[in-house]
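Notes follow once the structure below has been shown.
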Amino acid sequence: MNNLKLDESFWSKKYTAGDMGWDIGYVSIPLKEYIDQLTNKELKILIPGGGNSYEAEYLFNRGFTNVSVVDISSIPLENLLKRIPSFPKENLLHRDFYDLEETYDLILEQTFFCAQDPKFRKDYASKMHEILKPNGKLVGLLFNIPLNNDKPPFGGNEQEYRSLFEESFIIEKMETAYNSIPSRAGNELFIIMGLR
């Protein structure tokens, strides 16, 4: 990792410089299609490391009333508020994901896992387990390719993810996403997991 510190300063500099290769500019298709079949608009939803959070914008515009975004950098949270001034400010959480204490019905994973130093992956799984409600779901996308060793995004593979999650989670789905954006086609796993 070359002592790369993935802290607020690191990510804020990325936003300021426009160095945001992860940001596709709209809600990702697999998450959009998952959201489209949700019927309970009162679900308590979290988007961790949400960035510019087009998923939160999409949910909010579809009438979901309890959507929160947590990000270590304030810049993307401010960007979301510029796009949707009526988004509840108290649901824009400028803090470290690992400091969260509330629990959620649904957590949407979109490029947060791959943005963290792989040595924290067990911490990620543990924290997700802690903040999911008993019948909650962790849903999203994980890269199924090697990617970088010394900077984000960090890749991985299905075998690694299964060994990481299966002890604490029921893996309902972990399969190649059929509806990825073209540049990620064949390289993403769509996941749906609940608590064991």
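Coordinate-derived values only; no laboratory data. Here the structure is a predicted model, which means the values were calculated and not measured. Here the Cβ is made from the backbone with ideal geometry for all residues, glycine too, and neighbour counts use every protein chain on show.
Per-structure values
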quantity: Length-normalised contact order of the chain in % [C-alpha pairs under 8 Å, at least 6 apart]; calculated: 19 percent
quantity: R0 of 30 Å, Cβ-Cβ distance K151-E130: FRET efficiency to nearest 0.05; calculated: 0.60
quantity: Within segment 29-195, percent of DSSP bridges classed antiparallel, to nearest 5; calculated: 50 percent
quantity: Between segment 59-116 and segment 120-194, the Cα center-to-center distance that results, in Å; calculated: 19 Å
quantity: Extension gain, K5 back to T65 (0.36 nm per residue minus Cα-Cα distance, nm); calculated: 18.1 nm
quantity: FRET efficiency for T103 and E175, using Cβ-Cβ distance with R0 set to 25 Å, rounded to 0.05; calculated: 0.40
quantity: Protection proxy ranking, peptides 42-51, 176-185, 71-80, average beta carbon neighbours within 10 Å, highest first; calculated: 42-51, 71-80, 176-185
quantity: For segment 29-195: lysine pairs under 22 Å (alpha-carbon distance), excluding those fewer than 8 apart on one chain; calculated: 23
quantity: Protection proxy ranking of 82-88, 64-70, 105-111 - average other beta-carbon atoms within 10 Å, highest first; calculated: 105-111, 64-70, 82-88
quantity: Among E172, E57, E130, residue whose mean-square fluctuation peaks in a GNM of the chain (springs only between Cα atoms under 10 Å); calculated: E172
quantity: Local electrostatic count, G186, Cβ distance below 15 Å [Lys/Arg +1, Asp/Glu -1]; calculated: -2
